[in-house]
Amino acid sequence: MKKYSIIFTLVISMLVFAGCSQTASTNQDVIKIGVNYELSGGVATYGQSSVEGIELAVEQINQAGGINGKKIQLVKYDNKSEPSEATTLATRLMTQDKVVAILGPATSGAFMATIPVANQNKVPVISGSATADNVTVDDKGVKEYAFRICFTDSQQGSAAAKFALENLSTKKAVIIMDSSSDYAKGLAETFTSTFEAGGGTVVAQEAYMAGDTDFNAVLTSIKGKDFDVIFIPGYYNEAGLIIKQARAQGIDVPILGADGFDSPKLAELAGAQALNKVYFTNHYSSVDSSPVVAEFVKAFKAKYNKEPDAFNALGYDLAKFVADALSRAEKIDGESLKKALEATKDFKGVTGTMSVDENHNVVKDIIVIELKDGKQYKTYRVTN
Amino acid sequence: MEQLLQQIVNGISLGSIYALIALGYTMVYGIIKLINFAHCDIYMIGAYVGYVCMAKLGLGFVPSLLVSMLVCTLLGVAIEKIAYKPLRNATRIAALITAIGVSLFLEYTTMFFATANVRTYPPMTGFMAKTFKLGDVVISAQQILIAIITIILMVLLQLIVKKTRIGKAMRAVSLDKDAAELMGINVDSTISFTFALGSALAGAAGILVGVYYNSINPLMGVLPGLKAFVAAVFGGIGIIPGAMLGGYVIGIVEVFVAGLGYSMYRDAVVFAILILILIVRPAGLLGKNTREKV
């Protein structure tokens, strides 16, 4: 069985290669960009959504005449949600397909696995959604050919703290965090430092484990304390239950979260009437009223016949962001593109206006979404 | 003070669930000396049956409760017939390993059909969505429901065990299987009946949890199952009132540990109690020390 599947894979990949080399030899006037995304496997929805956004953007760019007369051609591979596969594909895209840049992967782990290959081949890799802090920069300094267009986890935590202080005018916070994920720990740390630097105090910090369902005891104990906002760094599965149980106990202070809240499951778990005065930071919201977003939502609906989600928006911005840098690059090669990417300033995207900083992160507004009766109701922008 | 009362309310809701599951463990152990690890997965199946009834078929709470108890009863009896009966005279360790096997089988079969995703019950309406305030203490209708249904089921169980012929047979078989058989008691059907009772209670616990927490998944039985087992041992395994007592104690202890700000140590404390009980009073709180005959 295994043997057959290997043979099958070989045949398929030969077909794919055949297809690629053919188009490459016939089309000299194209710019090839690699797409290395999770199209199957554990986080397939992230990859598929991102690619939908990318394809829409590329279609629009090509219809408008391409980049300085040259059309963009995407070379798309599936990394099966595996970091090792992502590395292999990055190598193949750079050495065999000769792409000028690679978009993706979507998750931090897989994206980081492709960075050494990028530095070695001098081809930039750009992710739309890798938010871990150490993706583009670590103790050894900036990773030369790695870029991203999303905020980092710590930018998100501090944006939540700023929102609590400035928009909600709250001063005393309780943090209920998922103790089993680095994501939640990072958010809790930056939230605390920003909140306290801005004159607030964190009255209590409670923890839970992923998979817990009963939060009544913790909520009862914080109920006796004096606080005016709850911050829940964690994912929707537990956050939904915490919100439901908090509201049932009569705790009606604003509840703040991060992009881990962004799922329709949150409303199912918490119940619509519990989701009032609930806010979370995110990349993008389809209820945002700015014209850039409205235009994107319209175009997206026309092509895919559904509401775009955050990954769709990030994918769309990612392709446009790279196209913008390509149009400014001196030559169409990796090194010039890298310089152009570094020089990006005030690029107007659907997920915000972004400028690249010295750590190859983007400086941009973070969107805070307010929920009312379980639905996205209003958005705010927080400048970091 | 209010906080103390509120925590006790929380603890009783949680403890009721543990007590309902612990009863099944303790009855089965009492009668065939088997720790039925598959029991916690019957509880999980109960929650899924309730989900199908309420979310897909649109049944009300009470009919769903009855359906899920019935399905779990049948499942419990079937498991006994297929997996445990052929091993009646095998070593106890063989039966124990089989129980673990059945448990994994149920978990991953459910995962195969229902996927590993968390599922949610439909939103509650009417009485089920209400909350009551006594001073600063908030009690939800669901918490009241859990407490009342648990008490009703426990009273029913006591009546069955103490007042009926089949209950008498159960007690006889658990005391001495061979002697009971000599007295003309049908041991096989008595054991089946015990599994049926225990599984029905687990099914009820499953749907109550579904309604109360609104979140079910195929592995939801594992941790509550272990804690209910601790509750059964705490009260004295094989003793029905012991399981009820144990369930409430474990529930309240867990809530207090979390309420004092040590929610990370909640599970550790529960299992520390197990170790302590096994050292200090191996027969459990209500158990009698029986001397091993040599």
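Listed values, structure above:
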{"item": "Sum of side-chain charges, A:Val58 neighbourhood, beta-carbon under 10 Å (Lys, Arg +1; Asp, Glu -1)", "result": "0"}
{"item": "Cut-off 20 Å (backbone N to label point 7 Å along Cα→Cβ of B:Leu104), residues of the range B:20-58", "result": "B:35-45"}
{"item": "Rounded FRET efficiency, nearest 0.05, which uses the C-beta distance separating B:Leu278 from B:Leu66 and R0 of 41 Å", "result": "0.60"}
{"item": "Estimated dipole of the range B:51-172 in Debye, rounded to 20 [Cβ of Lys and Arg +1, of Asp and Glu -1, Cα centre]", "result": "600"}
{"item": "Backbone N under 20 Å from the B:Ala55 label point (7 Å along Cα→Cβ), restricted to the range B:93-129", "result": "B:106-126, B:128-129"}
{"item": "Long pairs among A:Lys162/A:Lys225; A:Lys32/A:Lys122; A:Lys98/A:Lys140; A:Lys140/A:Lys320, criterion Cα-Cα beyond 19 Å", "result": "A:Lys162/A:Lys225; A:Lys98/A:Lys140; A:Lys140/A:Lys320"}
{"item": "Likely footprinting exposure, B:Arg92, A:Arg247, fewest C-beta neighbours within 10 Å first", "result": "B:Arg92, A:Arg247"}
{"item": "Helix A:182-197 vs. chain A, principal-axis angle (Cα, 0 to 90°, nearest 10)", "result": "60"}
{"item": "Chain B: Lys pairs at Cα distance under 16 angstrom, eight or more positions apart or on different chains", "result": "4"}
{"item": "Label-point separation, A:Lys225 to A:Met209 (7 Å along Cα→Cβ), nm", "result": "2.2"}
{"item": "Mean projected area (nm²) of the alpha-carbon convex hull when the protein assembly as shown is viewed from all directions", "result": "35.4"}
{"item": "Share antiparallel - DSSP beta bridges, the protein assembly as shown, percent rounded to 5", "result": "45"}
{"item": "Likely footprinting exposure, A:Val125, B:Val253, B:Val280, fewest C-beta neighbours within 10 Å first", "result": "B:Val280, B:Val253, A:Val125"}
{"item": "Distance in nm between pseudo-label sites at A:Lys331 and A:Gln60 (7 Å out along the Cβ direction from Cα)", "result": "3.2"}
{"item": "Estimated [θ] at 222 nm from DSSP helical runs (n ≥ 4, -39500 (n - 2.57)) normalised by residues in chain B, nearest 500", "result": "-23500 deg cm²/dmol"}
{"item": "Environment charge of B:Met124, counting only residues whose C-beta is closer than 11 Å and scoring Lys/Arg +1, Asp/Glu -1", "result": "+2"}
{"item": "Over 27 Å (Cα to Cα) - which of A:Lys76/A:Lys339; A:Lys185/A:Lys298; A:Lys277/A:Lys301 fall in this group", "result": "A:Lys185/A:Lys298; A:Lys277/A:Lys301"}
{"item": "Environment charge at A:Gln245 (Cβ cut-off 14 Å; Lys +1, Arg +1, Asp -1, Glu -1)", "result": "-2"}
{"item": "Within straight-line cross-link reach of A:Lys265, aspartates and glutamates at Cα separation under 12 Å, skipping those fewer than 8 residues along the same chain", "result": "A:Glu238"}
{"item": "Ranked B:His39, A:His360, criterion: other C-beta atoms within 10 Å, fewest first", "result": "A:His360, B:His39"}
{"item": "Peptide A:203-215 - average C-beta neighbours from other chains (10 Å radius)", "result": "5"}
{"item": "CD proxy at 222 nm, helix term only [per DSSP H run n ≥ 4: -39500 (n - 2.57); per residue of chain A; nearest 500]", "result": "-14500 deg cm²/dmol"}
{"item": "Centre separation in Å (Cα based) which lies between the range B:189-261 and the range A:39-89", "result": "50"}
{"item": "Charge dipole (the range A:45-103, unit charges on Cβ, about Cα centre) - positive-most of A:Thr45, A:Thr95, A:Pro83", "result": "A:Thr95"}
{"item": "Length added when fully stretched, A:Lys339-A:Lys122, from 0.36 nm per residue minus Cα-Cα", "result": "77.0 nm"}
{"item": "Inter-probe distance in nm under a simple model that places probes 7 Å from Cα toward Cβ, at B:Ile93 and A:Gln273", "result": "5.7"}
{"item": "Amide H contacts of A:Leu256 (H built 1.01 Å from N, under 5 Å, at least 5 apart or other chain)", "result": "A:Ile230, A:Phe231, A:Ile232, A:Tyr279"}
{"item": "Alpha carbon centroid spacing (whole Å) that separates the range A:179-239 from the range B:65-113", "result": "40"}
{"item": "Percentage relative contact order, chain A, counting C-alpha pairs under 8 Å, at least six apart", "result": "16"}
{"item": "Size of charge dipole - the range A:223-306 - debye, nearest 20, with Cβ of Lys, Arg +1 and Asp, Glu -1, no other charges", "result": "280"}
{"item": "Other-chain or far-sequence residues with amide H under 5 Å of A:Lys71's (modelled H)", "result": "A:Ile31"}
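Here, each number is a calculation from the coordinates, and none is a lab measurement. Bear in mind that the values here come from a model prediction, so they are computed numbers and not experimental data. FYI the Cβ positions are ideal-geometry reconstructions off the backbone, even for glycines, and counts take in every protein chain you see.
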